[in-house]
Amino acid sequence: AQKITQTQPGMFVQEKEAVTLDCTYDTSDPSYGLFWYKQPSSGEMIFLIYQGSYDQQNATEGRYSLNFQKARKSANLVISASQLGDSAMYFCAMREGIGGKLIFGQGTELSVKP
Amino acid sequence: GAVVSQHPSRVICKSGTSVKIECRSLDFQATTMFWYRQFPKKSLMLMATSNEGSKATYEQGVEKDKFLINHASLTLSTLTVTSAHPEDSSFYICSALWREAGKNIQYFGAGTRLSVL
C-alpha cells in the first residue's frame, strides 16, 4: 500500500487565487514528520514546510500553510495568492520515527495561469 | 534554510567511463546525506543513505558496486557511477540532513543530469 498518496497529477490555478494540493499518508508510527517540497523545471528540490505529528498547530511559512488533519491522515498544502513562479511539481513526503529517511508521494504538477 | 551544493549540474560521458558527483553542505555539518535518482515525470527514488565515516546503506535493488558512495567528511558526500551505461542516464539528486529540534529536514542540492552516450 502507498504510504504517501497525492491524488492530483495536475492542477491549474488562476494567478492570485489560493490552491490546495492534497496529500494523505499511512503510518502506524505515532512519531512522524510531514514535508512539502517544490521542484521547478530546473530540477532542484526546495523545502517549503514541515509538520510534526505532535505539533498542535498547523504549520505556516509565508504563503504556504499545511492543513494537518491527523485523524484523517491528511496533510494538504495550501498556497495563498498564487504567483506565476509557483508553477512547479510539488511533492509531499513523510518521515517515520526519528530517522531521516523520507517517503515521497507521486507529485502534483501545479500550473498558475496569468 | 540550509544550503547544499551539488556538482556538476550536467555531465555527458561515454559508455564505460566513470562519473563522480559531489554533494556538499555549505553552512552546516551533515553526518547523514542521501542520494536519489529521478526519472522524468516521476517521484524521487532513494538509492542510498550516506553516513559520515561509515559505509553507505543501499536500498534494495541498488548495486553498491555500480554506485559507489563515499562520505569522508561532515560536509561532503560523493557518488561515483562506475562503468556507466546508457541505462544509467538519469537525474541524480542529493540531500543533506539538517537536524534541529527533532525536525530532521533534508535540504537538497540542485541535481545532476547524467547522459551516457
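The values are calculated or read from the model by the stated rules, or taken from the named source; none is laboratory data. Just so you know, these numbers come straight off a predicted model, no measurement behind them. Methodologically, a virtual Cβ is constructed for each residue, glycine included, from the backbone with ideal geometry; neighbour enumeration extends over all protein chains shown. Side chains included, ligands, DNA and RNA excluded: accessible areas come from the protein's heavy atoms. Shrake-Rupley method; radii C 1.70, N 1.55, O 1.52, S 1.80 Å.
Odds and ends about this structure:
- Selection from the range B:6-30 of residues that are closer than 20 Å to A:P40 by Cβ and either in contact with a Gly (Cβ under 6 Å, 6 or more places away or on another chain) or without any contact (Cβ under 8 Å) to a residue 40 or more places away in the chain (or both): B:Q6, B:C23
- One residue alone among B:T31, B:T78, B:T82, B:T17 is at pLDDT below 95 and either over 19 Å from B:R99 (Cα atoms) or within 13 Å of chain A (Cβ to nearest Cβ) (or both), and that residue is B:T31.
- A single entry from A:E109, A:E17, A:E96 fulfils the requirement of being touching a residue at least 40 places away in the same chain (Cβ under 8 Å), closer than 23 Å to B:M33 by Cα and not polar (S, T, N, Q): A:E96.
- The range B:1-47, subset aliphatic (A, V, I, L, M), in contact with a Ser or Thr (Cβ under 6 Å, 6 or more places away or on another chain) and closer than 15 Å to B:S77 by Cα, residue most open to solvent (accessible area, probe 1.4 Å): B:L26
- The conditions of being in a strand (DSSP E or B) and in contact (Cβ under 8 Å) with a residue 40 or more places away in the chain are met by B:M33.
- Checklist (1) within 11 Å of chain A (Cβ to nearest Cβ); (2) touching a residue at least 12 places away in the same chain (Cβ under 8 Å); (3) among the hydroxyl-bearing types (S, T, Y) applied to B:T57, failing item: (2)
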